[in-house]
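The block underneath contains the structure these notes are about, expressed in structure tokens.
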Amino acid sequence: MAGITLVVLAATSATAATRVAPACAWHGVPSHARVSAFPVRRPCPPAVAALGARRARPMLAESCTPVVPARPHGGLAALLRVVQGAFYALWLGLCSRVAKGIEEIRKSSRPAKIFLVRHGQSRGNVDETLYSVIADHDMELTELGREQARCAGRFLRAITGDGPVHCFHSPYRRASQTLAEIIGDFDPAKVATREEVLLREQEFGNFQDVELIRRSKAERRRYGRFWYRFQNGESGADVHNRAADFLSTLFRQMDLSSKRAPHYIILAHGLFIRLLCMRYLGWQVAQFEQVWNPRNCETWVLERRPDGRYHLTAAYYPVEGPDGSLEMIESPLHYGPDRSLTIPQGMRRPRSAPTSLAVPDAL
């Protein structure tokens, strides 16, 4: 009788263990028991083991509670934090050195020289009354203006050699015609050109009334060239903002591997060239007011220094030579109220340290 009772009890216990198993398996562990990702089993009650539930898969009894791992000793935790901090510092140092190396490579791959060229003599430069019947953007070059552009082209070709050249130019007709004459002697396969609206002349307001413009220019001398806004036109401050936008565009292109070239030519207008230098070199408004516009086809040279920044190093202007032809000669960068001075050396280099150029770190 006792044997029969033992068999029945064993069978009953096995059945109970089988029913408990799904609840004790990992997917069935109650939510309050899921303390860690890998549940820790404790020995099942002796009654279950003694009854021989050997065929049941590994399980946790409902009454078995997971063992929560003890936290590291205080001293060990502090050591781990020190090791983690040291590793983090080493990682940051490595990343900083890599970033600095990439920055140096990027700067060294920028063009060695950037030429800022004003357009040649236009019909409007000879007769200002033409602006009342011809739109400013449609004003063409004179024959002298074309010859000035060809002279500048020979000068630039001698400097750039056979290497690739990238050019930005104003969409105004006189600027486009000047660029066409300049690159006439270049290898077309080595020259890339891009029209850039940001390089346009200061806007004086549609067809210009001659008397109104004359009064406005006289008033501008009293008010300040940088701040004065022409009727239906722009102020110098507006053009300055365009120059800042263009610098961002210029540096993005220079840093593209497919757009790299040892020389860049920027063909624009006199006021824009001054304001471009003001923005990059960090001139104050009072200093800008003392700098004179470049003359027709005058070329200002920005040269890259070892630190990756550009300095305004020289200016060249076409003059008539002994044989009657034009030739480029070095010209002073005129400064002061009567043009008797030259731009000080401190104004020819960037005032602030380079930054990363969505604000240009140095044209």
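Determine if the stretch 216-232 includes at least one residue that is touching a His at 6+ places or on another chain (Cβ under 8 Å) and under 30 Å from P164 (Cβ atoms).
Initial filter on the stretch 216-232 (touching a His at 6+ places or on another chain (Cβ under 8 Å)): 226.
Subsequent filtering for residues that are under 30 Å from P164 (Cβ atoms) retains none.
No: the stretch 216-232 contains no residue that is touching a His at 6+ places or on another chain (Cβ under 8 Å) and under 30 Å from P164 (Cβ atoms).
Given the residues R214, R229, R252, R260, which is the only one that is under 28 Å from L141 (Cβ atoms), in the same structural domain as P337 (by TED's automatic domain parsing) and charged (D, E, K, R)? Let's see the steps before the verdict.
Values: R229 fails: under 28 Å from L141 (Cβ atoms); R252 fails: under 28 Å from L141 (Cβ atoms); R260 fails: under 28 Å from L141 (Cβ atoms).
Sole residue among the options that is under 28 Å from L141 (Cβ atoms), in the same structural domain as P337 (by TED's automatic domain parsing) and charged (D, E, K, R): R214.
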Checking the structure you have, find out if any residue of the stretch 103-112 is within 27 Å of S216 (Cβ to Cβ) and basic (K, R).
no
Among residues of the stretch 277-288, those that are surrounded by 16 or more Cβ atoms within 10 Å (Cβ to Cβ) and more than 21 Å from M328 (Cβ to Cβ), counted
7
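Does C297 count as buried (at least 22 other Cβ atoms within 10 Å of the Cβ) and on the phi > 0 side of the Ramachandran plot? Steps first, answer last, please.
Details: buried (at least 22 other Cβ atoms within 10 Å of the Cβ): yes; on the phi > 0 side of the Ramachandran plot: yes.
Considered against the rule, which asks whether it is buried (at least 22 other Cβ atoms within 10 Å of the Cβ) and on the phi > 0 side of the Ramachandran plot, C297 comes out as yes.
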Kindly check whether there is at least one residue in the stretch 47-64 that is out of contact with any helix residue (DSSP H, G or I) (no Cβ under 6 Å at 6 or more places or on another chain) and modelled with pLDDT of 55 or more.
no
Could you list, ordered by first residue, the pairs with Cβ atoms under 9 Å in which the first is in the stretch 168-180 and closer than 9 Å to L141 by Cβ and the second is basic (K, R) and crowded, with 24+ Cβ neighbours inside 10 Å, at least 6 apart or interchain?
T178/R118
Among the residues in the stretch 161-177, are any assigned to a loop (DSSP other than H, G, I, E, B), in contact with a Leu (Cβ under 7 Å, 6 or more places away or on another chain) and in the same structural domain as W292 (by TED's automatic domain parsing)?
yes
Within the stretch 178-213, track down each residue that is part of a loop (DSSP other than H, G, I, E, B) and of a type in the set (S, T, N, Q).
Q202, N206, Q208
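What residue, among those in the stretch 306-356 that are assigned to a strand (DSSP E or B) and of a type in the set (D, E), is surrounded by the most Cβ atoms within 10 Å (Cβ to Cβ)?
From the stretch 306-356, those assigned to a strand (DSSP E or B) are 310-320, 326-331, 334-335, 341-342; that's our starting set.
When the remaining residues are screened for being of a type in the set (D, E), the result is 320, 327, 330.
Numbers: E320: 11, E327: 15, E330: 9.
Of everything passing the filter in the stretch 306-356, E327 is surrounded by the most Cβ atoms within 10 Å (Cβ to Cβ).
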Among the residues of the stretch 255-276, the number that are farther than 24 Å from Y316 by Cα and not acidic (D, E) is 5
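Condition check: in a loop (DSSP other than H, G, I, E, B) and either within 25 Å of A192 (Cβ to Cβ) or at pLDDT 95 or above (or both). Does W300 satisfy that? First the steps, then the outcome.
Details: in a loop (DSSP other than H, G, I, E, B): no; either within 25 Å of A192 (Cβ to Cβ) or at pLDDT 95 or above (or both): yes.
In short, no.
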I'm trying to understand the selection: among the residues of the stretch 155-184, which are closer than 21 Å to E330 by Cβ, more than 29 Å from the chain's Cα centre (by Cα) and surrounded by fewer than 16 Cβ atoms within 10 Å (Cβ to Cβ)?
A158
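Show me the helices (runs of 4 or more DSSP H) entirely contained within the stretch 231-290 in which 1 or more residues are among the aliphatic types (A, V, I, L, M), under 18 Å from G346 (Cα atoms) and over 19 Å from the mean Cα position of the chain (by Cα). Step through it out loud before you land on a result.
Details: elements: 236-254, 270-281, 285-288.
Counting at least 1 such residues, we get 270-281, 285-288.
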Any residue in the stretch 118-138 that is surrounded by fewer than 20 Cβ atoms within 10 Å (Cβ to Cβ), assigned by TED's automatic domain parsing to the domain that holds R304 and within 34 Å of the chain's Cα centre (by Cα)?
yes
Listed residues G270, G324, G282; which is at pLDDT below 95, small (G, A, S) and in the same structural domain as E203 (by TED's automatic domain parsing)?
G324
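The values are calculated or read from the model by the stated rules, or taken from the named source; none is laboratory data. What you see is a predicted model, and the numbers here were worked out from it, not measured in a lab. FYI the Cβ positions are ideal-geometry reconstructions off the backbone, even for glycines, and counts take in every protein chain you see.
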